[in-house]
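Heads up: the structure comes next, in structure tokens.
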Amino acid sequence: MKSKRILVWFRNDLRLHDNEMLVEAIAKSDSILPVYFFDPHYFQSTNFDTAKTGANRAQFLLESIAALRLAFQKLGGDVLLLQGSPEELMADLVEKYEISEVYHHREVAPEETLISTKVEDLLWKLKINLRHFIGHTLYNKEDLPFPIKDIPDVFAQFKKKTERDAIVKSCFLSPEEIIFVENEEWGELPSMADLGFEPGVDIPSEQPFSGGEDAGLQHLKDLLVEGADIYLKPVKHSADKQGFSSRLSGWLSLGCLSPRKVYWLVKEAEGAFGGNANFNQILLGLLWRDYFRFMFKKHGIEFFQEPDFEKELFSVTDNDNPELQKWKTGNTGHTLIDKYMQELNEHGFIPHAGRLLVATFLVHVLKVHWTNGAVYFEDKLIDYAPASNWGNWANVAGVGKDAKSKNTFDLDKQIKILETAVSDAASLA
Ligand SMILES: Cc1cc2nc3c(=O)[nH]c(=O)nc-3n(C[C@H](O)[C@H](O)[C@H](O)COP(=O)(O)OP(=O)(O)OC[C@H]3O[C@@H](n4cnc5c(N)ncnc54)[C@H](O)[C@@H]3O)c2cc1C
């Protein structure tokens, strides 16, 4: 009898722990073929004169894939690395490896769902099923106390009802044994140049993060063992008083860490060290993350309360705006804004308070359309995640679904922080 082979299509779920798709594929097949596509779509330039993936995130991605590869190699297999789009390569792959079914984690943002819809259509013609899993959120949608269509648009209500009535499931264990489809050639990990970056592209050698499941788990464990105090830095500027940042987002965005794993390790740490404001902040952040993903699932592009949203997205008029260029390069003349923007450009990360400030400044002070900021963050952020990025930008611009709620974004407060920061800088000078 023909053996059952399942192709496990890795996307933003680059881990072995808490990976239902992987556990199910192992259980339901005789052998599995893990595959990752370096899709050229994600390495293009945009009409905003930005890259879809900047050098910092590309580097973090390569490290994360290398770590996934190593994890599979330790189990006697590998992950097949391909350069090309899944839409173009999938049909040949399933034929070549005699695949019976393809598994993947479902995404929510329009670009990502379009890719899986195309793959699903072409697999359908080959009579092969694409099975969807949920692995990106803290709460599974079926465990929420409301159907997707009734999820409250106001974050405070979503939080209250979800925390009260939904449960966070326990994590799936990392597999200890896997039977891999026999294969000779697993493909080379591309170089930055293969992904289209200029030779000698400028990535600081001392990056604060390295990609991959083990690095993420280690970071989380260190953070929790020290009672989450290690990142509390001396306060120099008023904006920094907004505080603690776990810096987990890069690993969460690529799925090197599962939100459930973070949740349960935080709960364990609370048991060991007692609760604290920093632990609470991590858990609150995970809820915000879920909220934006569920909002995109519920509304799609209608999340943006702006009639001309699609038109703006394809407009190029702001590229030559000198104010936008100064903002991007950290040359606005406002010390704190410039400090954050330079940090973003160099390392691909700034804490939430910094993101709120630079976004507020662009939209409400420089009066540049918010989509220009969102695509710039998409280029630069190491932790770029479509729902979190576009959702937060829309809230700052006042065009998100919960834009009027004080729990979401308080423009007066942000402007006050900006003003105080400017006078702090003047008194320091
Ligand atoms: C304009 C703007 C753009 C943003 N773009 C992104 C993005 O592309 N990717 C991204 O992960 N976050 C984004 N955020 C949300 C937030 O700023 C980052 O998640 C956070 O700064 C990451 O730092 P941390 O890991 O130390 O967060 P912590 O405060 O320690 O929170 C723990 C985790 O919760 C999640 N989280 C926290 N706050 C939010 C939030 N407001 N929205 C969604 N998730 C949250 C993140 O996964 C984070 O790692 C954006 C915020 C703004 C204002």
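The values are calculated or read from the model by the stated rules, or taken from the named source; none is laboratory data. Just so it is clear, the model here is predicted, and its values are computed rather than measured. Because the Cβ atoms are built from the backbone with ideal geometry, glycine has one as well, and the counts that use them run over all protein chains shown. Calculation scope for accessible area: heavy atoms of the full protein, side chains included, ligands and nucleic acids excluded. Shrake-Rupley method; radii C 1.70, N 1.55, O 1.52, S 1.80 Å.
Numbers for the structure displayed
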item: Tilt relative to the chain, helix 411-428 - C-alpha long axis, 0 to 90 degrees, to 10; result: 70
item: Nearest-ten-degree value, helix 370-380 long axis tilted from longest Cα axis of the chain; result: 60
item: For the chain, the fraction of alpha-carbon pairs in successive 10 Å shells from zero, as %; result: 4, 20, 31, 28, 13, 3, 0, 0
item: Simple spin-label estimate for Val365 and Cys171 in nanometres, 7 Å along Cα-Cβ; result: 4.1
item: Calculated [θ] (222 nm, deg cm²/dmol) that DSSP helices of n ≥ 4 give over the chain, each run adding -39,500 (n - 2.57); result: -14500 deg cm²/dmol
item: Residues of type lysines that Lys127 reaches as a straight line, Cα spacing below 20 Å, ignoring anything fewer than 8 places off in the same chain; result: Lys2, Lys4, Lys28, Lys96, Lys118
item: Rounded to 10°, Cα long-axis angle of helix 386-397 versus longest principal axis of the chain; result: 20
item: Accessible carbon and sulfur surface of the stretch 1-135 relative to its total accessible area, %, 1.4 Å; result: 51
item: Amide hydrogen neighbours beyond the local backbone of Phe38, cut-off 5 Å, H modeled; result: Leu82, Gln83, Gly84
item: Anisotropy class of the stretch 1-135 from Cα gyration tensor, a/c 1.5 cut; result: oblate
item: Cα gyration tensor category, rounded, prolate or oblate, for the stretch 238-309 with a/c compared to 1.5; result: prolate
item: For His136, net neighbour charge (Lys/Arg +1, Asp/Glu -1) across residues whose Cβ lies under 12 Å away; result: +2
item: Per-residue ³J(HN,Hα) for the stretch 211-226, Karplus 6.51 cos²θ - 1.76 cosθ + 1.60, θ = phi - 60°, Hz, x for Gly and Pro; result: x, x, 4, 5, 4, x, 5, 5, 4, 5, 5, 4, 4, 6, 4, 7
item: Contour excess over end-to-end distance, with Cα ends at Leu75 and Ser191 and 0.36 nm allotted per residue; result: 39.3 nm
item: Separation in nanometres of the label points that stand 7 Å from Cα toward Cβ, at Lys96 and Lys127; result: 2.4
item: Dipole axis of the chain (+1 Lys, Arg; -1 Asp, Glu on Cβ), positive-most option in Leu93, Tyr376, Ala51; result: Tyr376
item: Cα centre as origin, Lys/Arg/Asp/Glu Cβ charges: the chain dipole, Debye; result: 1420
item: Linear extension gain, Glu346 paired with Asp150, 0.36 nm per residue minus alpha-carbon span; result: 66.4 nm
item: Approximate spin-label separation Thr335-Asp308, in nm, with each point projected 7 Å along Cα-to-Cβ; result: 3.8
